[in-house]
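Report on the following structure.
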Amino acid sequence: MRVSRRKFVIAATILAALSPGQARAQTGSAMDFMNKLAGQVGVLVDDRDRPEAARRREFQNLFNNASDNREMARFAIGRYWTRLDDEQRRQYLALFPVYMAGYYWKTFNIYYGAGYAVLSEKTDANGRTIVHTQIELTGERPAINVDWHIMREDGAFKIVDVDLEGLSQNLSYRDYFAALIQHNGGDVSVVLDTMRQHLNG
C-alpha cells in the first residue's frame, strides 16, 4: 500500500495523532493508522504559509498523542532512572517528549518534498506490530527504510520505537544519554541540562 502525496513529511509524520476522543475509537490496522497519520501531518508540514513556530507546536501535540512517551523515556534513560530523584523524574518525563519531537521536526523536515510509502506490517515476538515504510528520495538516491513499532493500548495505536535503516531510535537515545552521564562523572542531571539546551537553542 502506498501513500501518494504531493510532499513528504518524513517518518515523523507518523507521529501525528488523533485527538484523545478519536484515539479511543481507532479501528482498522496499524497500516491504516500510519496512512491516516501521514496525511494529517503532511498537511501540517507542507503548509509553509503558516509560521514555523506554530506548526512545530502543533506537531508536538500530535507527537504526544501518537506515542507512548513514558515507555520510550524510561527505556532511553535505562538504569539511570533509579539515580533520579522524584523532582528530576518529573522534569525528565516532561522534557523527553518535547525534546524528541523537536529532534524529529528538525531532522525530518530535511526530507520535505520526498515521497512516503507504507509497504507492509508484521507482528514481532513481543506482540508489537512493525509497519515497514520507506522515504522515497528524489534523483538516484536510495529510499530510506523506516520501521515503526506500534502497540495497541486501550484501543488506541501508540508508537513505542522507530527503526531508521535498522537502528532503533530508543537504543540510540539510551546510548547517547549513558555517554553523557559517564562523561560527566556519573551526574544524571546532565541529561536534563542537555535537553533544556536543545529546546532553548
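The values are calculated or read from the model by the stated rules, or taken from the named source; none is laboratory data. Keep in mind the model is a prediction, meaning the values are calculated, not measured. Every residue, glycine as well, gets a Cβ built from its backbone with ideal geometry; the counts of neighbours run over all protein chains shown.
See the values below:
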{"read-out": "Residue in the range 16-38 that is of a type in the set (S, T, N, Q), farther than 22 Å from A114 by Cα, modelled with pLDDT of 50 or more and touching a strand residue (DSSP E or B) at 6+ places or on another chain (Cβ under 7 Å) present", "value": "yes"}
{"read-out": "Test: K158 is free of Cβ contacts under 8 Å to residues at least 24 places away in the same chain, farther than 26 Å from E87 by Cα and part of a strand (DSSP E or B)", "value": "no"}
{"read-out": "Qualifying residue in the range 83-98 (condition: hydroxyl-bearing (S, T, Y), surrounded by fewer than 12 Cβ atoms within 10 Å (Cβ to Cβ) and over 22 Å from A143 (Cβ atoms))", "value": "no"}
{"read-out": "Where a residue in the range 37-53 is acidic (D, E) and its partner, wherever it lies, is surrounded by 15 or more Cβ atoms within 10 Å (Cβ to Cβ) and not in a helix (DSSP H, G or I), with Cβ under 6 Å and at least six apart", "value": "D46/K7"}
{"read-out": "Pairs, first surrounded by 15 or more Cβ atoms within 10 Å (Cβ to Cβ) in the range 113-140, second aromatic (F, W, Y) and modelled with pLDDT of 85 or more, C-beta under 6 Å, six or more apart", "value": "V131/W148"}
{"read-out": "Subset of the range 78-119 (residues that are assigned to a helix (DSSP H, G or I) and among the small types (G, A, S))", "value": "G78, A94, A101, G102"}
{"read-out": "Qualifying residue in the range 177-197 (condition: modelled with pLDDT of 95 or more, under 14 Å from the mean Cα position of the chain (by Cα) and either in a helix (DSSP H, G or I) or under 19 Å from L62 (Cβ atoms) (or both))", "value": "no"}
{"read-out": "Selected residue [under 25 Å from L37 (Cα atoms) and among the aromatic types (F, W, Y)] from Y176, Y116", "value": "Y116"}
{"read-out": "Qualifying residue in the range 177-193 (condition: surrounded by 12 or more Cβ atoms within 10 Å (Cβ to Cβ) and of a type in the set (S, T, Y))", "value": "yes"}
{"read-out": "Test: residue in the range 152-172 that is surrounded by 16 or more Cβ atoms within 10 Å (Cβ to Cβ), over 19 Å from the mean Cα position of the chain (by Cα) and closer than 20 Å to Y99 by Cα", "value": "no"}
